[in-house]
Amino acid sequence: MTKNYYTINELALISGFTTRSLRNFITMGHLKGEKIDGIWQFTPEDIDAFLSNPNVAPGIKSKTNAVVYDFMADTEKKTNKICSILDLIMDDDEASELSEYFCTAMATISGAEFKFEKHGKNVRVIISGPEDFVLDTINGWYK
């Protein structure tokens with residue numbers, strides 16, 4: 001089932017922007033959402049519009065690329081880690097389910113990173129972190 005809304009913390013996880021930056025984007029009008037009981041909530045449509053906004057997309061792209069670059073640049077890892085890129089073709093409902101799945105998984109661990117990009121039906125997920133977590137999370141999606 002597709003999630004009806006996302007919190008600002010979940011959007012920070014998806015976009016790579018801090019919650020402070022997201023609040024600035026709200027102030028500037030680049031991000032639409034609704035504050036309910038003091039908590040910012042965003043529909044999947046709000047998020048799609050934000051992620052594809054030409055004023056925002058370059059920043060998201062650089063943060064996404066940084067996950068892979070930082071992983072490769074760290075030549076002195078102390079534990080086994082994996083960085084995986086999934087390029088998938090899916091409709092909007094599937095993309096929302098995928099985003100929700102990875103957001104939920106990421107809330108269970110620290111030391112992992114997740115980035116999500118959607119361009120039409122093309123979805124890219126980058127997940128980096130401890131090897132067991134990354135493998136289990138990706139395998140969990142496909143089960």
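The values are calculated or read from the model by the stated rules, or taken from the named source; none is laboratory data. Since we're looking at a predicted model, the values are computed, not measured. FYI the Cβ positions are ideal-geometry reconstructions off the backbone, even for glycines, and counts take in every protein chain you see. Remember, those area values only see protein heavy atoms, side chains included, never the ligands or the DNA or RNA. Shrake-Rupley method; radii C 1.70, N 1.55, O 1.52, S 1.80 Å.
Which pairs break 18 Å Cα to Cα here: 61/115; 61/118; 32/115; 63/118; 63/115?
32/115, as the Cα separations exceed 18 Å there.
At 10 °C and 1.306 mPa s, what whole-number value in µm²/s does Stokes-Einstein give for the translational diffusion of the stretch 40-82, with Rh from the Kirkwood sum over Cα pairs? Intermediate values should be presented prior to the final figure.
Values: Rh = 12.7 Å.
Rounded to a whole number, D works out at 125 µm²/s.
Based solely on its DSSP helices, what 222 nm [θ] is calculated for the chain when runs of n ≥ 4 H residues each add -39,500 (n - 2.57) and the sum is averaged over all residues, nearest 500 deg cm²/dmol?
Numbers: 6 runs with 71 residues, N = 143.
Computed mean residue ellipticity for the chain: -15500 deg cm²/dmol.
Can you give the net charge of the other residues whose Cβ lies under 12 Å from the Cβ of residue 133, counting K and R as +1 and D and E as -1?
Neighbour charge sum, excluding residue 133 itself: -3.
Using every alpha carbon pair in the chain, what percent of pairs falls into each 10 Å bin from 0 up to the bin containing the largest distance?
Bin by bin from 0 Å, the calculated values are 11, 43, 35, 11, 1.
With every protein chain left in place, what is the accessible area of residue 142 in Å² (1.4 Å probe, nearest 10)?
Here the accessible area works out near 130 Å².
Quick one, could you list the DSSP H helices from the chain stretching 20 Å or more along their long axis (Cα atoms) with average Kyte-Doolittle hydropathy of -0.5 or above?
Values: long enough: 57-73 (23 Å, 0.20); 92-106 (21 Å, -0.43).
Once both thresholds are applied, what remains is 57-73, 92-106.
Whenever you get a sec, line up 61, 78 from highest to lowest accessible area (probe 1.4 Å, protein heavy atoms).
Largest accessible area first, the list is 78, 61.
Tell me the net charge near residue 124. Cut-off is 13 Å between Cβ atoms, residue 124 excluded, with +1 for each Lys or Arg and -1 for each Asp or Glu.
So the surrounding residues net to +3.
Which of the listed residues, 108, 38, 122, is farthest toward the dipole's positive end in the chain, when Lys, Arg count +1 and Asp, Glu count -1 at the beta-carbon?
Checked the options; the winner is 38.
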